[in-house]
Amino acid sequence: MTDATHGTAEPAEPRRRKASLYASDAHTRRRNAAEKRFRAYGIAAIAIGLFFLLVLLVTIVRNGTPAFTQTFVTIEVALPADKLDKSGNRDIEEMKKVSTFGYAPLVDDALAEALAQAGIETPFANAKDLRQIVSASVAAQVRDAVLADPALVGTSHEFRLLAASRVDGYMKGRVTRESVARDKNISAEHLDIVDQMIAAGLVERRFNPGFVFGADASESRPESAGIGVSMLGSFFMMLVVLALALPIGVAASIYLEEFATQNRFTDLIEVNISNLAAVPSIVFGILGLAVFIQFAHLPSSAPIVGGLVLTLMTLPTIIISTRASLKAVPPSIREAALGVGASKMQTVFHHVLPLAMPGILTGTIIGLAQALGETAPLLLIGMVGFIASNAPASFADGFLAPNSAMPAQIYEWAKRADPAYYERAWGGIIILLVFLMVMNIIAIILRRRFERRW
Amino acid sequence: MSFVKLTASSLAIAAVSATAAAARDQVQVAGSSTVLPYASIVAEAFGENFDFPTPVVESGGSSAGLKKFCQGVGEEQSDIANSSRKIRDAEIEACAANGVTDIIEVRIGYDGIVFASQLDGPAYTSFTQADIFNALAPKVVVNGELVDNPYTKWNEFNPDLPDAEILAFIPGTKHGTREVFEEKVIAVGCEATGALEAMIAGGMSEDDAEDACLAVRADGRSVDIDGDYTETLASIDANANAIGVFGLAFYENNTDKLKVATMAGVEPSTETISSGEYPVSRPLYFYVKKAHIGVIPGLKEYTEFFISDEIAGPDGPLAEYGLVSDPELAATQAMVANEETMQ
């Protein structure tokens, strides 16, 4: 291009005028100015792009980082035998009959006791009114601990309990005394107690591993929700995508690139693969619902269905990048291999494919990263709702038991009523972005390390 | 390539072992996004207190849930459909055509529908159904004549209302909430303002007039929200003059941003809804496939647990979240215990 414009830019006949090389004439000045302007446009475009990226990242980090910490209340909970094990023989099946509703009053009493010990006055006569300070999940936490270790019954045990989402919001500045004025979940008196509990060291805000590794929680207890189980869902889906899309994609592109004759039929296939890459992902979701769930009767909400749908979506990406990297291997390599008597297949598998491998892997990783962040098709195959509540029991369960995926979980959190879930949605985005960034970095490293230029 | 082989073979092994262990041990629920919060609270408590795994609750809307529910009997079909409206006859027929004949209808309680606006916005503090109809209907009665809705501000038809542009975000037609909004607000307002009479006097048949009463204006002052209440909340946040339609529970979780208006002079609360004073409320249901009881472990236990006093009673976690407890809960409990199906 540059050569061509250079040639035609020269005036055909030499002009007779006094021109110094040092003083540029009007035409040159115009051309230089145009170039300067163009550069400025380019820089402005990049600056605008960077600005929005920065705004996005700052917003995500500012809204999302609070989700990684959580407020905890550390108190001693008395576990009286007459309430938890009436028969007294520590029989687990007997003890299971006491439900979380039986445990909740114990936590209320423990809170009242802890406040009394710390010398904190409460305006509430009834210990039950203190319940709003701690999460609704604490009764289950205490019950699980007792059932795991029946020897605890009859003793007092120190528990670190999750605080309620409103208390947590107060610690994070999201909830204020003005905003709770009309809130029936908590009152300003509770916040006064919390202030004194902080001073007494009973309440603290610390890193919450439950957010990264835990399961989803119901609407009424955002403080105990975590993204861990849906992360596993995403992991199993990616396994399916990798195991199906990579071999199928590579096989298809090797055949198309190395073996297939060029005719109208292969042209048609090529065009269709390019078209497939541009199909909106929601279409694959409808296809998945119709084919995998309604026709093939695979379980709905299962990661294997999600994986199959995302495989369809990722295939074109992998085929296109694989074909590009196969094309980039110079024909001399093939000719040399064929020349010393290698068969066509030996040529491909011993020489061409290893050389194209970095490109193929890069394309695969980028395809996987794309699939990891995809939400739309998952909405249709039942992966939103209150799904990611149980960690899969076994490897097979990981594929077949209902589960969510990270982006679907974020979508679900973002639409829940409690504002505390909004914060968790941003936190989930940070985790998802970290995964995407790591995958892209691996792709770049692979390319840098192993790519060969000829 | 060995990595690929490894993953491929492990996937194959997983698939083989999966077919051996395909029996579902988890209750599957789908349906209304209004019921979802309550169902998720119950499912979580169920998982904590029973040896069964936590049930899976999908969202997607009442109609989608019932459609899925009616697809047939068998392990791969859902066990329960949550619904924010009663099942329709057409749906019962569709169910029967696919072999789903014995359906247990469980009413879990009542849900209030409230009108709320920005906390610092205009003083929308009290509405009547007639106000909402005058603001949002395509044709209203002005000076005894049925004309195209001329109103652009609330105080043009009711001087007690603020001098603010009319803008309302209402649930889209795929929501069960829309039906309640139409029947209990718009239709009532239609009658109260005399528009229904005017339409019949204008030559419409009674049925046509009643249908015409449910319409909302299409000039951009009434906006359908197809998403969830969070979307309505975001729209309200961006428009100080707007009012929005919310569920009571959603409003109660967002009192720091929203203020609620009374309807026909009654403040919405669990008490006024349960006493029947607050006019805009509706029952919430879920439907259980009787053929699955005894096949899917935990299904009956989940159903009974859902409507037990400690969960759905007036002091239970559902009431705490915003459900208006059903005064006839005991009858529902007896019905579920006997596995009585719909007639």
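Quick note: the coordinates plus some simple rules give every number you see, no bench work behind them. Predicted model only: the values in this text are computed from it and were never measured. Note: ideal-geometry Cβ built from the backbone for every residue, glycine included; neighbour counts use all protein chains shown.
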Exercise for review: Taking each pair of different alpha-carbon atoms in the stretch B:112-281 once, compute 1/r for the pair, average those values, and report the inverse of that mean as the Kirkwood hydrodynamic radius in Å to one decimal.
Suggested key: 16.1 Å
Review point. What is the antiparallel percent of DSSP beta bridges lying wholly in the stretch B:112-281, to the nearest 5?
Key: 65 percent
Practice item. State, as an integer percentage, the relative contact order of the stretch A:393-454 based on alpha-carbon contacts under 8 Å between residues 6 or more apart. Key: 23 percent
Review point. Tally Lys/Arg at +1 and Asp/Glu at -1 over every other residue whose Cβ is under 13 Å from the Cβ of A:Val352; what's the total?
Key: +2
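If contacts are Cα pairs under 8 angstrom and at least 6 residues apart, what is the relative contact order of chain A in percent?
Working: 591 pairs, mean separation 80.9, N = 454.
Normalised by residue count, the contact order of chain A is 18 percent.
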Review point. For the stretch B:223-264 and the stretch A:162-185, what is the separation of their Cα centres, given in Å?
Key: 20 Å
Check your understanding: Between A:Arg182 and A:Tyr41, what FRET efficiency follows from the Cβ-Cβ distance if R0 is 51 Å, with the result rounded to 0.05?
Key -> 0.45
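To one decimal place, what Kirkwood hydrodynamic radius in Å is obtained for the stretch A:354-397 from all pairs of distinct Cα atoms?
Working: mean 1/r = 0.0746 Å⁻¹.
Evaluated on the stretch A:354-397, it is 13.4 Å.
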Practice item. Give the Cα extents of the stretch A:304-378 along the principal axes, in whole Å, largest first. Key: 51, 19, 13
Check your understanding: Among B:Gln129, B:Ile243, B:Asn155, whose Cα sits farthest toward the positive end of the charge dipole of chain B (+1 at Cβ of Lys/Arg, -1 at Cβ of Asp/Glu, about the Cα centre)?
Key -> B:Ile243
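Given the convex hull of the Cα atoms of the protein assembly as shown, what is a quarter of its surface area in nm²? Could the numbers behind the result be given before it?
Values: hull surface 204.8 nm².
In nm², the orientation-averaged hull projection of the protein assembly as shown is 51.2.
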Practice item. Compute the distribution of all C-alpha to C-alpha distances in chain B, in bins of 20 Å from 0, and list the percent of pairs in each, rounded to whole numbers. Key: 28, 49, 20, 3, 0
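Give, rounded to the nearest 20 debye, the magnitude of the charge dipole that the protein assembly as shown has about its Cα centre when Lys and Arg contribute +1 at Cβ and Asp and Glu contribute -1 at Cβ.
Values: 63 positive and 93 negative charges, 1159 e Å.
Computed about the Cα centre, the dipole is about 5560 debye.
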Check your understanding: Most fluctuating residue of B:Ala218, B:Ala94, B:Ala130 in a GNM of chain B with Cα springs under 10 Å: which is it?
Key -> B:Ala218
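With a/c under 1.5 counting as rounded, go ahead and sort the stretch A:228-450 into rounded, prolate or oblate using the C-alpha gyration tensor (a ≥ b ≥ c being the square roots of the eigenvalues; past the cut-off, prolate if a/b is larger than b/c, else oblate). Provide the component values of the computation, followed by the final result.
Details: a/c = 2.51, a/b = 1.94, b/c = 1.29.
In terms of gyration-tensor shape, prolate.
Based on the Cα atoms of the stretch A:32-129, what semi-axes does the equivalent ellipsoid have, where each is the square root of 5 times one gyration tensor eigenvalue, given in whole Å with the largest first? Intermediate values should be presented prior to the final figure.
Working: eigenvalues 799, 75, 16 Å².
Working from the Cα gyration tensor, I get semi-axes of 63, 19, 9 Å.
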Study note, to complete from the structure: The ³J(HN,Hα) series, computed from each phi in the stretch B:183-192 with the Karplus coefficients 6.51, -1.76 and 1.60 at θ = phi - 60°, rounded to the nearest Hz and given as x for glycine or proline, is 6, 9, 10, 5, 5, 5, x, 4, 6, 5
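Report the Stokes-Einstein translational diffusion coefficient (µm² s⁻¹, integer) for the stretch B:127-221, Rh taken as the Kirkwood radius over Cα pairs, at 25 °C with viscosity 0.890 mPa s.
On the way: Rh = 13.4 Å.
D = 183 µm²/s.
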Exercise for review: State which helices in chain A qualify, where a helix is a whole DSSP H run, it must extend 24 Å or more along its own axis by its Cα atoms, and its mean Kyte-Doolittle hydropathy must be at least 0.5.
Suggested key: A:26-64, A:100-117, A:228-254, A:303-327, A:353-372, A:419-450
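Add +1 for every Lys or Arg and -1 for every Asp or Glu among the other residues with Cβ under 13 Å from the Cβ of B:Thr34, and state the total.
Values: positive: A:Lys415, A:Arg416, B:Arg85, B:Lys174, B:Arg178, B:Arg282; negative: A:Glu219, B:Asp111, B:Glu179, B:Asp228.
Neighbour charge sum, excluding B:Thr34 itself: +2.
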**Study point:** Global geometry of the stretch A:394-454, whether rounded, prolate or oblate, following the gyration tensor of its Cα atoms and the 1.5 cut on a/c
**Key:** oblate
Check your understanding: Taking square-rooted eigenvalues a ≥ b ≥ c of the alpha carbon gyration tensor, is the stretch A:68-207 rounded, prolate or oblate, where a/c under 1.5 means rounded and, failing that, a/b exceeding b/c means prolate?
Key -> prolate
Revision key, fill the gap. Rounded to the nearest 5, the percent of DSSP beta bridges in the protein assembly as shown running antiparallel is 75 percent
Exercise for review: May I ask you to derive the relative contact order of the stretch B:112-281, considering only C-alpha pairs under 8 Å and at least 6 residues apart, and to give it as an integer percent?
Suggested key: 40 percent
Practice item. Mind checking which of A:His350, B:Ile307, A:Ile193 is farthest towards the positive end of the protein assembly as shown's charge dipole, using Cβ charges of +1 (Lys, Arg) and -1 (Asp, Glu) about the Cα centre? Key: A:His350
Review point. So how strong a dipole does chain A carry about its Cα centre when Lys and Arg Cβ are +1 and Asp and Glu Cβ are -1, to the nearest 20 debye?
Key: 2780 debye
Check your understanding: Hey, any idea what Rg/Rh is for chain A, computing Rh the Kirkwood way over Cα pairs?
Key -> 1.16
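What's the magnitude of the charge dipole for chain B around its Cα centre, counting Lys and Arg as +1 and Asp and Glu as -1 at the beta-carbon? Answer in Debye, nearest 20. Write out the running numbers ahead of the final one.
Numbers: 21 positive and 53 negative charges, 215 e Å.
Computed charge dipole of chain B: roughly 1040 debye.
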Practice item. Please sort B:24-32, B:235-243, A:74-82 by packing, taking for each peptide the average over its residues of neighbouring beta carbons within 10 angstrom, highest first. Key: B:24-32, B:235-243, A:74-82
Exercise for review: Set Lys and Arg Cβ to +1 and Asp and Glu Cβ to -1, take the dipole of the stretch A:134-285 about its Cα centre, and tell me which of A:Ser165, A:Val241, A:Ala278 lies farthest positive.
Suggested key: A:Ser165
Review point. Expressed as a whole number of Å, what is the distance separating the alpha-carbon centroids of the stretch A:33-68 and the stretch A:199-257?
Key: 29 Å
Review point. Seen from all sides and averaged, what is the projected area of the convex hull of the Cα atoms in the stretch A:330-443, in nm²?
Key: 10.5 nm²
